[in-house]
């Protein structure tokens with residue numbers, strides 16, 4: 001007997017159940033893909049915003065003078081020239097005595113005004129200048145004809161040497177001289193020696209310290225420190241001596257070897273590195289044959305006539321080194337990037353905020 005086949009297909013209930021199951025499975029998947037697309041779009045925005053923030057920050061840091069000088073109505077002209085507007089500005093703030101204390105300035109760049117896809121807010125905070133000091137202006141140093149001699153730890157080495165001598169002499173610890181007492185007794189001679197060797201000059205700058213009374217009355221001890229500098233030069237045009245003043249007097253003694261032409265007359269530039277703390281009574285004596293011209297910044301502290309000859313008479317061939325004011329002011333920068341149109345909205349969250357500091 002032939003069996004009858006049933007080709008009726010799925011019933012309505014089966015179709016409905018299948019669709020329900022598919023919906024249950026599909027909804028989380030669709031939700032995942034939707035959230036994934038949103039996340040990717042958000043991350044793309046954040047990446048672009050981060051790039052823009054770094055770009056703005058680098059542009060600001062690369063400006064030679066970002067904020068106008070103190071007392072001239074501080075602002076950031078670079079931002080104003082690039083479409084930003086001032087939200088607030090206290091960068092030129094002063095105290096009740098009129099002394100500059102600085103403050104914060106806020107600048108807003110709407111996306112359309114600055115030619116970007118995002119809004120940008122820049123905050124800049126100024127501070128008073130730091131490390132203000134006068135720096136002597138010297139001409140460029142040529143290593144074929146100029147010698148640069150810089151004092152380093154020679155004073156401390158000499159002081160340690162003299163302390164050891166006094167300690168060995170005086171068995172009574174309470175009777176030993178203190179560091180300050182020995183330092184006040186020390187006298188320094190800076191020697192500049194020029195010798196001729198064939199077509200070259202050997203130039204040496206060294207230092208000798210003397211100290212009296214370390215081993216009782218009448219004693220006199222000497223310490224010769226390591227050389228400040230020693231070079232072989234084809235010519236000798238300038239000798240730059242950078243040193244620190246610690247006593248009321250110093251001596252610079254210039255010697256020339258037998259083979260050195262009498263017409264050789266290099267300029268000696270005596271540059272005091274701690275000029276602000278030098279006693280107004282300080283003077284330096286320059287001795288030697290055919291004393292060359294001297295340039296110095298010693299006239300900055302006290303009256304003229306700081307450079308004498310061995311007779312105590314001020315040298316007439318001395319000129320003042322021109323000094324320029326050097327100072328550093330710290331500017332703190334903050335760049336925040338927002339969604340277009342949100343940069344001026346209170347409470348809006350930025351995509352990214354980056355910070356940096358600039359000195360000028």
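The values are calculated or read from the model by the stated rules, or taken from the named source; none is laboratory data. Small disclaimer: the values here were computed from a predicted structure and weren't measured. When we count neighbours, we look across all protein chains shown, and the Cβ atoms used for this are built from the backbone with ideal geometry, even at glycine.
How many residues are farther than 19 Å from residue 230 by Cα and either under 31 Å from the mean Cα position of the chain (by Cα) or crowded, with 16+ Cβ neighbours inside 10 Å (or both) if we restrict to region 252-286?
14
So in region 185-216, with the set limited to residues that are out of contact with any strand residue (DSSP E or B) (no Cβ under 8 Å at 6 or more places or on another chain) and under 13 Å from residue 166 (Cβ atoms), which one is surrounded by the most Cβ atoms within 10 Å (Cβ to Cβ)?
Result: 213.
Might you check whether a residue that is in contact with a helix residue (DSSP H, G or I) (Cβ under 7 Å, 6 or more places away or on another chain), at pLDDT below 90 and surrounded by 11 or more Cβ atoms within 10 Å (Cβ to Cβ) occurs anywhere in region 4-19?
no
If you go through region 234-270, how many residues are in contact (Cβ under 8 Å) with a residue 60 or more places away in the chain and outside any loop (DSSP other than H, G, I, E, B)?
16
Would you point out which residue out of 155, 177 is assigned by TED's automatic domain parsing to the domain that holds residue 279 and modelled with pLDDT of 90 or more?
177
Any idea which of (1) free of Cβ contacts under 8 Å to residues at least 24 places away in the same chain; (2) at positive phi is the one residue 222 doesn't satisfy?
Exception for residue 222: condition (2).
Which members of region 221-233 meet the condition of being touching a strand residue (DSSP E or B) at 6+ places or on another chain (Cβ under 6 Å) and either part of a strand (DSSP E or B) or surrounded by fewer than 17 Cβ atoms within 10 Å (Cβ to Cβ) (or both)?
221, 222, 223, 224, 227, 229, 230, 231, 232, 233
Condition first: out of contact with any helix residue (DSSP H, G or I) (no Cβ under 9 Å at 6 or more places or on another chain), closer than 28 Å to residue 343 by Cα and assigned to a loop (DSSP other than H, G, I, E, B). Now tell me which residues in region 68-109 satisfy that.
Selection gives 73, 74, 75, 81, 90, 91, 92, 93, 102, 103.
State all residues of region 154-184 that are free of Cβ contacts under 8 Å to residues at least 40 places away in the same chain, surrounded by fewer than 16 Cβ atoms within 10 Å (Cβ to Cβ) and part of a helix (DSSP H, G or I); if no residue qualifies, say none.
Of everything in region 154-184, those that are free of Cβ contacts under 8 Å to residues at least 40 places away in the same chain, surrounded by fewer than 16 Cβ atoms within 10 Å (Cβ to Cβ) and part of a helix (DSSP H, G or I) turn out to be 156, 160, 164, 167, 168, 173, 174, 175, 179, 180, 181.
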